[in-house]
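The values are calculated or read from the model by the stated rules, or taken from the named source; none is laboratory data. Just so we're clear, the structure is a prediction, and the values are computed from it rather than from any experiment. Backbone-built Cβ (ideal geometry, glycine too); neighbour counts: all protein chains shown. Accessible surface is based on the protein model in full, side chains and every heavy atom, while ligands, DNA and RNA are left aside. Shrake-Rupley method; radii C 1.70, N 1.55, O 1.52, S 1.80 Å.
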Amino acid sequence: MKHSLIPKYVIIAAVTLSITACSSETVQDEKNDLLGHSGISATSHSILEDNADPIYVADSFVDIQATGTPQSYEDLQDFIKPYESVNFLKYEIISQYTPEEAYEFSGDDMFLYGATLYDIHVTYDYMNSQPLDIYTRLSSAGTPESQFEGFPPYLPGEVYACFLPDFDENQINYEFSELLFAIDCISEDVQAYHLGFEKINFVDQTGKSIADSDFSPLSVITSTRNNPVYYVKKIQSDKLVEYLYNDWLSRDYDFQTSFRKTKEEHE
Amino acid sequence: MNKIKILLLFLTASFCAVSILSVSSSAHTVSIVVEHDPQYTGWDIYDESEAHHSNYTTAITVNKGDFTSADFGNYITNAVTQWNNATFNGTDLLYMKESSTGYIKFCKKTLAQMQKVNKGNAWAFVYRSKATTDSNSHYTLNSGNVEIWVNWDDVLSAKATGCKTHTALHELGHVIGLVDIPASVSPNAYLMCNEFGSYYSVPKEITINDKQGAAVILGQHTNHSFSNSGTWNEKIDNTQHRRICSVCEGYTIQNHSFGAWSDYGQWLQVRFCCCGYAQYRDK
């Protein structure tokens, strides 16, 4: 097993570096080129404030009654272990495809009834502490018409951090939903807000949660009037990255290294 | 309290003449309202607008699909047998059988395939987004219409035998129309519990409560049995009580109904409701 043996302080420094790159380092020209699949404009307000002008109203909510759902962070490992490697990437939503465009692009009828396709800009690889500059595509469960409760469609400009399994810039990627965090780029002290999955708790070796104990779960209207996003935990980004890094290292998970490297190397 | 009124609609007299393998499309003529908060019943069912199997005499046909006896197939066979053999209140609960053209099809899926259409990971789920239904939200019975997606290779195959047994039984419960029972009610007392985590003993059989719910939604149990016994009448507050069917434990909520006032000591009078609630007044 290969590991990226990066000292903790380097990770923290890298996270700090990424703070400054959170929203201002988007490549505006390229972004503008990619905007327009759905004609939705980018968002720039705090992720904790309701959007006064949501663009969607959900017609219905998807109710997939699943068996054997993870009830804890430990349970979650059953679903992480099978992957050859892990990652934790920061990305910005660039644009959303219409169902027809997504189907035409992918040939997958899933986009006609069960998922939405986005262009995203991957900007940082937390596990290897390296900036990235990768434009790729992301598939996310649910459609504007039929949404998962607490998981409205994304808006351009929103920034997330997530494990994107089997990440490949040339393929349609997908999110590992239990490890999806909205990144607040406006605050000086970058915070990660965990979307849903209240039972997945991030607890250190002393049994103490790394989440902000003063934070109360918060519903915020983003893209959809009748389906606010539901933030259940607030965690300092550097603490979260350090936690995942050390935990995954201790479990002997392999960190994905096959990225197109940094912007500089790419150029 | 999540009170959901279920409108159970049953077929006309012509229904009796319909083959048990046919789709029921007759107009619904009889309606019965029962409430079924799982906290009280131990079962919960989809409402009439959500897709579910039609009735207890129409065969539920199950195709093992991607699975063989060497992997999950035997667990599917066990589940079909258990459901088919289940009885309720002395009679058959339903009719279920295996068929290579079954309208329910078990599909082997990867973590990636399941993540792409669901928020979150799971061992299995009924993927209903593509399933067709008739005007009464009953699944149409065309081959492979309802897919049960199972994450076998990545996760479930490594789990204990009980987990595999549970999964096949549980998912067929969803097709019938039973809804998950949350851990806040019980983590493992009923087949339809789904929040048991890794360390609970998962339910591996169809409990009486699961059968109660199935009997109600399939129309196998229609004549609810209410009595004036205090056992089956439970006070909610000073205004209402829950009147419970002694067969299915579904209930209706009614205002208290008091008997006549009678003397209670020298100064008071009392009257009782069937739920045991007593009201007092000065004589």
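Observations on the structure shown:
- Filtered residues of region A:228-243 (kept if open to solvent by 20 Å² or more (accessible area, probe 1.4 Å), assigned to a helix (DSSP H, G or I) and either touching a strand residue (DSSP E or B) at 6+ places or on another chain (Cβ under 6 Å) or not charged (D, E, K, R) (or both)): A:Tyr243
- Of all residues in region B:173-191, exactly one satisfies the criterion of being facing chain A (nearest Cβ under 10 Å), aliphatic (A, V, I, L, M) and outside any loop (DSSP other than H, G, I, E, B), namely B:Leu178.
- All of A:Glu149, A:Glu178 fail the test of being within 14 Å of another protein chain (Cβ to nearest Cβ), at pLDDT 95 or above, surrounded by fewer than 21 Cβ atoms within 10 Å (Cβ to Cβ) and closer than 27 Å to A:Asp108 by Cα, apart from A:Glu149.
- In region A:58-73, the residues that are facing chain B (nearest Cβ under 8 Å) and either over 20 Å from the mean Cα position of the chain (by Cα) or buried (at least 19 other Cβ atoms within 10 Å of the Cβ) (or both): A:Val62, A:Asp63, A:Ile64, A:Gln65, A:Ala66, A:Thr67, A:Gly68, A:Thr69, A:Pro70, A:Gln71
- Any hit, region B:121-130, residues being open to solvent by 20 Å² or more (accessible area, probe 1.4 Å), within 14 Å of chain A (Cβ to nearest Cβ) and under 19 Å from the mean Cα position of the chain (by Cα): yes
- B:Tyr277 farther than 30 Å from B:Glu50 by Cα and open to solvent by 50 Å² or more (accessible area, probe 1.4 Å): no
- Filter result for B:Lys211 (in contact with a Leu (Cβ under 7 Å, 6 or more places away or on another chain), open to solvent by 30 Å² or more (accessible area, probe 1.4 Å) and touching a residue at least 24 places away in the same chain (Cβ under 8 Å)): yes
- Scanning region A:213-259 for residues that are over 26 Å from A:Ala58 (Cβ atoms) and of a type in the set (Ser, Thr, Tyr) yields A:Ser213, A:Ser237, A:Tyr243, A:Tyr245, A:Ser250, A:Tyr253, A:Thr257, A:Ser258.
- B:Thr252 being part of a strand (DSSP E or B) and modelled with pLDDT under 95: yes
- Extreme residue, nearest to the other protein chains (Cβ to nearest Cβ), among residues of region B:80-120 that are part of a strand (DSSP E or B) and open to solvent by 10 Å² or more (accessible area, probe 1.4 Å): B:Lys108
- For region A:104-144, filtered to residues that are part of a helix (DSSP H, G or I) and more than 14 Å from chain B (Cβ to nearest Cβ), the residue that is surrounded by the fewest Cβ atoms within 10 Å (Cβ to Cβ) is A:Glu104.
- Number of residues in region B:131-172 that are open to solvent by 40 Å² or more (accessible area, probe 1.4 Å), within 12 Å of chain A (Cβ to nearest Cβ) and not in a loop (DSSP other than H, G, I, E, B) equals 3.
- Of everything listed in (1) assigned to a strand (DSSP E or B); (2) within 11 Å of chain B (Cβ to nearest Cβ), the single unmet condition for A:Ile183 is (2).
- In region A:87-102, the residues that are within 14 Å of another protein chain (Cβ to nearest Cβ) and open to solvent by 20 Å² or more (accessible area, probe 1.4 Å): A:Pro99
- Residues of region A:200-226 that turn out to be under 19 Å from the mean Cα position of the chain (by Cα), over 15 Å from A:Gln236 (Cβ atoms) and in a loop (DSSP other than H, G, I, E, B), as a count: 6
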